[in-house]
Each structure stands twice: as structure tokens, then as C-alpha cells.
Amino acid sequence: MTVRVRIAPSPTGNLHIGTARTAVFNWLFARHHGGKFILRIEDTDLERSRPEYTDNVLEGLRWLGLNWDEGPFFQSQRLDLYKKAVQKLLDQGLAYRCYTTSEELEALREAQKARGEAPRYDNRHRNLTPEQRAAFEAEGRSSVIRFKIEDGREIVWNDLVRGKMSWRGSDLGGDMVIARASEESSGQPLYNFAVVVDDIDMQITHVIRGEDHIANTAKQILLYEAMGATIPEFAHTPLILNLEGRKLSKRDGVTSISDFQQMGFIAEGLVNYMTLLGWSPPDSTQEIFTLEAAAKEFGFERVNKAGAKFDWAKLDWLNSQYIHHTPVDKLTDLLIPYWQAAGYKFDGGRERPWLEQLVTLISQSLTRLVDGVAQSQLFFSDIEFSDEGSTQLKQERSTAVLEGIVTALENQPQLSEAAAQDIIKQVVKEQKVKKGLVMRSLRAALTGDVHGPDLIQSWLLLNQIGLDKSRLSRAITEAN
């Protein structure tokens, strides 16, 4: 048997972290077994589906490295397949037309609520005679298609994550609507029905999804049986929770994959973190690995039943590890869009070799790519003196130190690291001051602060674009 799994997002919003984590688990399982990973877009909700959301889903999966083997398939292009399947169930007497109005359904729910009962359809139109159906249609009533669910039926399956699962037919809310009212004979198919028809047609062997779909699984198993199909295996993965143990929501600051990208997370770090949201590798000390490495070890025996808590600190740490080990040329490519978005200009000597020197300087202090904007600002924009920087420039002998550096620079048209060190030693000797005063004053003059990246490398970068002398002169003015 060839393993065939699918990810089936709905394009009614951007690709969310929960859907993306489900895609990761499907991808890992398919690759572990040498199977196929299929992409299906469930866009039958015509009112809420948008092409820009479809584009966001496709771009997000590509960015994460979750390449698919077949698809994308669009449910909106498969309506004839669903309608034929609906008609077959009608012909077999396994489904029927229900003419109950929304007002009648609301009255039924209110009556059940008053009696303290769970809401459920009472199957009142299951056995209508042809004359009764004709009478309802003469009234102008539209119909939905309902699939018959016997209350006494027990639905059992062995979940790959949760073990034996069992549901009673009486717990499923009565006969299930599988197609909406429509002028066409078989109506618009609903999720639980369309997904089963698709999975049968695409020969899906394993359905891997979040635990919030467990109730759907019981209904879908009945549909597989009714259509005479092989029932796939199911694996219901844990939900992603916040640190307080509640279901993750937008209030927790967790949004779409494209937003994570804008926040400065890199694909390898984010997908590594998502792999650990509910799954643990055989070596519990191993936390950093590629998708390909994880696929070799992946199995549902190591997927937790309990919810997976989303931890920003852990994600930041993982992301920083990937940034710190990214080659300078690639990291430069990743940072350039953030610099461009900040309005930084790449002229005046700021060509590729200079940019790569800047990246080398700041890379080890980055947690997210977006941090590169603030940490490189002094190399692209005018500086402002912090309180500590201004205080340093007003220290006794600070002005003389800076004037000595300016004088020494006149003999250095192109500064080197060795020359910079020699200038500092020369000024220390001539001004009869401690090296610390020279270094702090120089840093304050060049960067506006007394803290920052490596001073000598910063000086060399500023010298290459002609900013060191002008900043030294401005600092002397600031000090007086």
C-alpha cells in the first residue's frame, strides 16, 4: 500500500499556525513512508472563500518547504462528482429530502432546550410519502439532503494517536445534512460529505488532522460505509494551546504564517518548532533538525494526546539558532527585504560586500530577522545621542580624544583594522588617558550610545561609507 495523505485548508482566511502544523505532520508521515502528500483546497464556501487566501495558503506552504506531490485540487471544480454521489445515496434510500423550515428547526431546538435535552434533528421527514413531498414543494419549500444515521449504531475506530474511539449514532445530532438547499436537483454539498467523496476519489489512506474533528470522523465513517469505500486510518493530533492551557487564539498574538514571516521568523526555524508542537523525537535532547531529518524518525507513537503549548521563548530560541548558523550570503538575502521595508537606501558605498560585512557584525545578536532593522539603523540613518552617549561626550578629555582621532584619520584614507587599533593606541599615548575613555568616547561619537556592536568593526563599516569623520566632527560640536 502506498501511503496517501492530504492537507485540505479552506481559503476563508490566511494559512494559520494550526493548519500549518497539521500540514507538517502530514508531510512528515508521507515522507517517512515514501508516500504522497496531496494538497486540496476546500473552497465550497463560496461566500467566504477568496483567491487571495488561496494564494496565501500556497505561498505559506512553499515558504515552509512543504512541497506537495499532487494538486492543488479545488472542490469548487469537483461539484459534479459530489452531486452524482448525493444522487446515488438518494437512489439507494440512504439519504432523503428534508423540507423542514428554519423556523421549524428553531422551534424544535427551543423545545429540546426547555426539556434540558441536547439539540438534535428529530428525523421528521425521513419517511415522507411522494404525496407529502409534493405537497411541501407545492408550498414553495426548498429541501436539503439528509443522510440517515441510526441512533443505535456504534461507530468504532482505532485512532493512531488516541487508541480506540467509540461513538453512538444517537450522539451525532440526528440525520445529517449533506447538501444545502439549491435550485439544482442535488444541492450544494457540505463539508462532511464533500471531504469523504474527495478522500475516496483521491485514495487517501490516512486522515491526519486536529482533535477538533473527532466528532466529524464518526459521521464520515458512516458515509464511507454507505458509499462502499475502504475507510482510511485516522490520527487526531492535539490542539495547540497557550501557556495557560487554553486553545490558542488571536488574543495570544499568534496569527497566520505570513505574519510570522513578517515578524522575522525564518522558515527552517518555524517549521522546526511546529514539528515539536505535539511530537517528540526519539532522542529527547535533540531539538534542532530539518524536516528531512524529522521525517526519518516521525511516527504517531510519539505524538502526544495532551495539547501542545505554544511557547514564544522557545520559538525565539530556535529561530536564533538557525539565524546564527545561516551562511552570511543567505542571511544577507533574508535581511535585505526588512531593510528595504524600513526605507534603508543601498547607495553611497553600501554595496553587497559592505552589506555582508554588516551582516557578519550583527548576525550573532539577532533573534528574529526584524531585529536586524534596529541593530543596523546607525549604518543607514542619522544617529541621535542617548543620555549616556551625551554624558560620555562631556567627560573631561573626551573632546581632546576625539580631536586626536580626527587628526590621525587624515593620514588614513582607507581604514583597516590594524590602522584603527594603532590610532587608538596613538591617542591613548598622546593624550595620556586610559584606553577605556578613548573607546567609550569613540563609540558614543560614532553610534550615539555607549552600547552596541563591536566598535572596531562598526568603525570600519562607517569609514567605508564616509560617515566616521562627519560623526566625529558632530560629536565634538555636541560636547562643546
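The values are calculated or read from the model by the stated rules, or taken from the named source; none is laboratory data. Since the structure is predicted, the reported quantities are computational estimates derived from the model, not experimental observations. Glycine gets a Cβ as well: all are built from the backbone with ideal geometry, and neighbour counts include every protein chain shown. Protein only, heavy atoms only, side chains kept; ligands, DNA and RNA dropped before computing areas. Shrake-Rupley method; radii C 1.70, N 1.55, O 1.52, S 1.80 Å.
If you filter the stretch 110-120 down to residues that are open to solvent by 50 Å² or more (accessible area, probe 1.4 Å) and hydrophobic (A, V, I, L, M, F, W, C), you find that the one that is farthest from the chain's Cα centre (by Cα) is A114.
Taking the stretch 325-338, which residues are in contact (Cβ under 8 Å) with a residue 40 or more places away in the chain and either of a type in the set (V, I, T) or open to solvent by 50 Å² or more (accessible area, probe 1.4 Å) (or both)? Result: T326, L334. Among all positions in the stretch 121-142, there is at least one residue which is open to solvent by 50 Å² or more (accessible area, probe 1.4 Å) and touching a helix residue (DSSP H, G or I) at 6+ places or on another chain (Cβ under 7 Å). Taking the stretch 324-361 as the range and being assigned to a loop (DSSP other than H, G, I, E, B) and hydrophobic (A, V, I, L, M, F, W, C) as the test, the residues that pass are A342, F346. The set of residues in the stretch 366-422 being of a type in the set (V, I, T), closer than 18 Å to L355 by Cα and not in a helix (DSSP H, G or I) consists of V370 alone.
Against the list (1) under 26 Å from D80 (Cβ atoms); (2) under 28 Å from the mean Cα position of the chain (by Cα); (3) not β-branched (V, I, T), the condition L243 fails is (1). Quickly run through the stretch 344-374 and pick out the residues that are free of Cβ contacts under 8 Å to residues at least 40 places away in the same chain, open to solvent by less than 60 Å² (accessible area, probe 1.4 Å) and within 14 Å of Q464 (Cα to Cα). Scanning the stretch 344-374 gives L355, E356. Taking the stated definitions as given, is A341 open to solvent by 10 Å² or more (accessible area, probe 1.4 Å), modelled with pLDDT of 95 or more and of a type in the set (G, A, S)? Taking the combined requirement at face value, the residue satisfies it. Looking at G269, G264, G245, G228, just one residue is open to solvent by less than 10 Å² (accessible area, probe 1.4 Å) and in a loop (DSSP other than H, G, I, E, B), and that residue is G264.
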